[in-house]
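Since the structure comes first, as structure tokens, the remarks are kept for the end.
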Amino acid sequence: MYDVIIVGSGPAGLTAAIYTTRDRLKTLVIAGKTWGGQLQLTTLIENFPGFPEGIQGPDLMLAMRKQAEGFGAEIVEADFSSGDFSNSPFKIMAGGKEYVGKSVIIATGTNTMWLGVPGEKEKIGHGVAACAPCDAPFFKNKNVIVVGGGNAAMEEALILANFAKEVNIVYRQEAFKRASEMMLEKIKSNPKIKLICSSEIIEILGGNKVEKVKLKNTKTNKISEMPIDGVFVAISRKPNSEAFKEIEKDEQGFIKVHDQIKTNKEGVFVAGDVHNKYYQQAIVAAGFGAMAALEVSRYLEKLK
Amino acid sequence: MADLNFTDGDFKAQVLDSKELVIVDFWAPWCGPCGMVAPVISELAQEYAGKVKIGKINVDENSQTPNEYGIMSLPSIVFFKNGQPVKTMIGVQDKVNYKQEIDALLAS
């Protein structure tokens with residue numbers, strides 16, 4: 001039996017694991033088959049303290065993993081499938097195996113939210129994408145669209161601009177209020193990047209690949225067509241919370257938080273983007289991971 | 001057993017003209033998720049040795065083949081039967097999913 005089972009292996013999950021193992025708690029991390037979370041799909045992180053030259057997202061995650069493993073965390077690279085959270089000890093199913101823990105930290109983060117427009121689903125991997133660091137080189141000298149208005153969309157656009165002929169950022173709103181000033185400056189000074197505001201994609205057209213999109217102007221409702229080779233989706237993200245049946249969520253699926261870091265079930269804690277929809281940052285997630293771990297220690301002390 | 005590496009040059013002989021089911025892992029060194037799939041593909045190659053030919057192709061060094069098959073996302077795992085691509089699996093997936101596809105194609 002584990003003292004704590006941490007579901008998720010992004011900055012929240014691995015920071016929690018560093019704290020719990022240092023507190024001599026027997027710790028299991030259900031890391032998921034794509035361990036390391038969202039930062040695995042990024043390039044240079046410039047705002048994580050301690051790295052004045054920046055650090056590559058995957059390198060940061062590998063370092064966190066090594067740190068957690070160094071203190072004794074066990075890591076299973078399987079996806080969480082279900083859990084019984086009625087009473088401690090809790091039962092967790094992952095990769096066809098059952099694990100039992102006195103406490104649980106849910107740190108499953110968020111996932112890509114697709115546009116849900118006609119023509120999108122069948123072209124994922126054939127021009128529709130959600131990871132510029134993975135797929136940008138396939139769009140060398142091509143024209144692409146990035147959908148979204150936050151920093152994530154800006155980063156995708158900047159990466160794509162290294163390869164593509166032209167990058168168009170399509171955003172529903174009139175102005176970019178969700179992106180940071182520094183990001184917007186970089187975007188505006190890049191001659192390959194164009195901003196298309198007050199517009200949304202309503203259909204993706206083409207045979208086996210993306211050939212054009214139908215755009216709707218959100219102010220005038222006017223519909224136009226635009227020839228394009230690729231569509232990168234970077235709109236708001238969807239919390240990975242569906243599988244946690246007994247845990248309270250809000251209408252968007254973010255886990256409801258009671259008293260900083262607790263869920264509605266005693267002994268089940270939550271950390272990171274899966275509950276924190278306002279500050280989806282690696283450093284914030286790591287901070288929540290530390291908080292959840294400290295709460296776990298207190299909870300286990302009480303159980304004795 | 002060392003991993004099998006296909007190239008543009010030997011793709012026809014190794015993959016298209018093969019009598020066996022062939023599984024090709026399209027990858028590149030800059031693709032993070034490719035590194036997560038690679039060990040799974042190596043394990044599958046060992047488990048299905050003699051029944052299925054499993055190998056990978058570096059799309060940085062070989063651009064013709066990925067172009068021909070419309071590969072625009074990595075990793076892409078493509079199953080070839082009698083010279084034809086019959087199934088493509090994109091992104092990192094569970095080993096069980098790959099095994100299910102292989103078993104289904106071997107049975108058909």
field: Two-site label geometry, B:ASP60 and B:GLN100: point separation in nm, points 7 Å out along Cα→Cβ
entry: 3.4
Bridge type composition, segment A:121-233 - antiparallel percent by DSSP, nearest 5: 40
- line: The rounded separation in angstrom of the Cα centers of segment B:20-69 and segment A:262-304 is 39
Using a Förster distance of 30 Å, the FRET efficiency for A:SER86-A:ARG22 (Cβ separation, nearest 0.05): 0.50
query: Could you name the lysines in cross-link range of B:LYS87, using Cα to Cα under 19 Å and dropping any fewer than eight places away on the same chain?
result: A:LYS121, A:LYS123, A:LYS209, B:LYS12, B:LYS19, B:LYS51, B:LYS53, B:LYS56, B:LYS95, B:LYS99
- prompt: Over the protein assembly as shown, what number does the Rg to Rh ratio reach, with both radii from the alpha-carbon atoms and Rh per Kirkwood?
  reply: 0.99
- line: One would report the antiparallel percent of DSSP beta bridges in chain B, rounded to the nearest 5, as 55
task: In nm, give the distance between the simple-model label positions of A:ALA63 and B:ASP17, each being 7 Å from the Cα along the Cα-to-Cβ direction.
output: 5.1
field: Förster radius 25 Å - calculated FRET efficiency between A:LYS97 and A:LYS245, Cβ distance, rounded to 0.05
entry: 0.85
message: I'd like to know which of B:GLY70, B:LEU44, B:CYS34 lies farthest towards the positive end of the charge dipole of segment B:4-107, counting +1 on Cβ of Lys and Arg and -1 on Cβ of Asp and Glu.
response: B:LEU44
Max mean-square fluctuation residue, GNM over chain B, Cα-Cα springs under 10 Å, options B:ASP94, B:ASP25, B:ASP17: B:ASP94
statement: For B:TRP27, A:TRP114, ascending order of other Cβ atoms within 10 Å (fewest first) is A:TRP114, B:TRP27
message: Run the numbers for A:ALA175 and A:GLN252: contour at 0.36 nm per residue of separation, minus the present Cα-Cα distance, in nm.
response: 25.3 nm
query: Hey, can you list the DSSP H helices of chain A whose Cα span along the axis is 30 Å or longer and whose average Kyte-Doolittle score is at least -0.5?
result: A:282-303
- line: In the protein assembly as shown the cysteines whose Cβ sits 4.7 Å or more from every other Cys Cβ are A:CYS197
field: Distance (nanometres) between label positions extended 7 Å along Cα→Cβ at A:ASN111 and B:LYS81
entry: 2.8
query: Given only helices, namely DSSP H runs of n ≥ 4 each adding -39500 (n - 2.57), what is the per-residue ellipticity at 222 nm of the protein assembly as shown, to the nearest 500 deg cm²/dmol?
result: -8000 deg cm²/dmol
message: Residues of segment B:17-31 with the amide nitrogen closer than 19 Å to a label point 7 Å from the Cα of B:GLU68, along Cα-to-Cβ, please.
response: B:17-28
Selected from A:GLN40, A:GLN252, A:GLN280 as most flexible by GNM, with chain A as the system and alpha-carbon contacts under 10 Å: A:GLN252
- prompt: What are the radius of gyration and Dmax of segment B:7-108, computed over its Cα atoms and given in Å?
  reply: 12.5, 36
Fraction of antiparallel bridges per DSSP, the protein assembly as shown only, in percent to nearest 5: 50
- line: For B:LEU21, the residues 5 or more places away or on another chain with a placed amide H closer than 5 Å to its own amide H are B:LYS53
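Every read-out reported here was derived from the displayed coordinates using simple, explicitly stated rules and does not represent laboratory data. Being a predicted model, the structure only gives us computed values, none of them experimental. Glycine gets a Cβ as well: all are built from the backbone with ideal geometry, and neighbour counts include every protein chain shown.
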